Structure formats: structure tokens, C-alpha cells
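Remarks on the structure that follows.
The values are calculated or read from the model by the stated rules, or taken from the named source; none is laboratory data. Keep in mind that this is a model prediction, so the values were computed, not measured. Note: ideal-geometry Cβ built from the backbone for every residue, glycine included; neighbour counts use all protein chains shown.
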Amino acid sequence: MAEIFRFGVSLDKDLLARFDRLIESKNYSNRSEAFRDLIRHELVEREWQEGKEVAGAITIIYDHHHRDILNKITDMQHDFQGIIISTQHVHLDHDNCLEIIAVKGSPKQVKKLADTLKSIKGVKHGTLSMSTTGRQIK
Ligand code: NI
């Protein structure tokens, strides 16, 4: 386990009160854990900005009856197979499909794949969950 350091933080009283209300609403058990998560969040953002290898998930919702959409989505995934770890397809109802594409690679490539999938006609909604490989984060 990594060595743990303690340090004090000086904060305006009102700001601390707002922070405490925020972390309570998010169910953090203490300030330290909430503070660690804020730091990790910033570090993950930095990984994406600096072009380090990142991981994440692209989620798309689409109507599988839409003309040629399955071919387009499959073609796109073959074009980006170097960064796709796995794909999960869920039939939500008679018309709608949910696809979760787990990715690992350069931020530029991952964003390009997410943008390309979202831009396909018939894709109703798409999100990119920008996360980390976990190697840079404790
Ligand atoms: Ni389906």
C-alpha cells in the first residue's frame, strides 16, 4: 500500500459548509475520501488532455430498424477494432437497442469513435464515459 501523508487545508467557513453539504448528498463517509475523488477526477481529466492511454465506455441507443444502421455500426467498430475491448448489445424493446462499447487507447481515437458512432443516422443518443486505465491513479 502507498504511504499516506496528512496535510491541513484552510478554507472559508461558508465554502467548507457547502462542501460538507455536497459530500453528504453524495454519500461520502468523510471529507478525505471526497477530496481524494476530486483530485482523481482532475488527474483523469489531465490524462485525457495529455493524450495518455485512457479507458472508458461509449453507450449508444438506436432503432435497429433504421435503414442500414446495423451495418454502419458494425463497419465502424471494425475500423476501430484496435481500441475496442468488448461490445455488449442489449435489446431494450421491440425497436430500441442499447450498445455499450468498452474502449482503451488514445483519447483522440476514443473521441473520434464516439463522435462517429453518435453521428450515424438513427442513433438517438450517445455518451462517452471518459475514465482511466487506473495505472496513473492510486
Ligand atoms: Ni437489439
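So the check is Cβ under 8 Å with 6+ separation or different chains; which pairs have a first residue in region 91-110 that's over 17 Å from Met76 (Cβ atoms) and a second one that's within 16 Å of the ligand (Cβ to nearest atom) and of a type in the set (Asp, Glu)?
Note: pairs meeting the criteria are Asp95/Asp63; Asn96/Asp63.
Report, by residue number, each residue of region 83-123 that is over 17 Å from Ala57 (Cα atoms) and of a type outside the set (A, V, I, L, M). Outline the logic, then answer.
Keep residues of region 83-123 that are over 17 Å from Ala57 (Cα atoms), which gives 91-96, 120-122.
Selection gives His91, Asp93, His94, Asp95, Asn96, Lys121, Gly122.
Does at least one position in region 17-34 carry a residue that is closer than 20 Å to Leu113 by Cα and either aromatic (Phe, Trp, Tyr) or not assigned by TED's automatic domain parsing to the domain that holds Lys112 (or both)?
Scanning region 17-34, I find no residue that is closer than 20 Å to Leu113 by Cα and either aromatic (Phe, Trp, Tyr) or not assigned by TED's automatic domain parsing to the domain that holds Lys112 (or both), so the answer is no.
Considering region 107-138 alone, what residues qualify as being away from the ligand (no atom under 16 Å from the Cβ), touching a helix residue (DSSP H, G or I) at 6+ places or on another chain (Cβ under 9 Å) and outside any strand (DSSP E or B)?
Pro107, Val110, Lys111, Leu113, Thr116, Lys121, Thr133, Gln136, Ile137, Lys138
When the residues of region 56-85 are narrowed to those that are outside any loop (DSSP other than H, G, I, E, B) and under 15 Å from the mean Cα position of the chain (by Cα), which ends up farthest from the ligand (Cβ to nearest atom)? Break it down stepwise before answering.
First, pick out the residues of region 56-85 that are outside any loop (DSSP other than H, G, I, E, B): 56-63, 69-79, 84-85.
If we keep only those that are under 15 Å from the mean Cα position of the chain (by Cα) as well, we get 56-60, 84-85.
On the way: Gly56: 22, Ala57: 18, Ile58: 16, Thr59: 14, Ile60: 11, Ile84: 18, Ile85: 20 Å.
Going through the qualifying residues, I end up with Gly56.
So is Ala17 at pLDDT 95 or above and within 30 Å of Gly126 (Cβ to Cβ) or not?
No, not satisfied.
Here is a check on your reading of the model: is His89 within 12 Å of the ligand (Cβ to nearest atom) and modelled with pLDDT under 95?
Considered against the rule, which asks whether it is within 12 Å of the ligand (Cβ to nearest atom) and modelled with pLDDT under 95, His89 comes out as no.
Applying the selection to region 26-55, what residues are in contact with a Phe, Trp or Tyr (Cβ under 8 Å, 6 or more places away or on another chain) and part of a helix (DSSP H, G or I)? So that I can check it myself, show each step before the final result.
The initial filter retains those residues of region 26-55 that are in contact with a Phe, Trp or Tyr (Cβ under 8 Å, 6 or more places away or on another chain), namely 31, 34, 37, 54.
Result: Arg31, Ala34, Asp37.
Considering only residues that are of a type outside the set (A, V, I, L, M) and in contact (Cβ under 8 Å) with a residue 40 or more places away in the chain, which ones fall in region 58-82?
Of all residues in region 58-82, those of a type outside the set (A, V, I, L, M) come to 59, 62-68, 71-72, 74-75, 77-82.
Thr59, Tyr62, Asp63, His66, Arg67, Lys72 - these are the residues of region 58-82 that are of a type outside the set (A, V, I, L, M) and in contact (Cβ under 8 Å) with a residue 40 or more places away in the chain.
Give region 38-65 a look and list any residue that's of a type in the set (S, T, N, Q) and surrounded by fewer than 16 Cβ atoms within 10 Å (Cβ to Cβ), or say none.
From region 38-65, those of a type in the set (S, T, N, Q) are 49, 59; that's our starting set.
Hit for region 38-65 is Gln49, nothing else.
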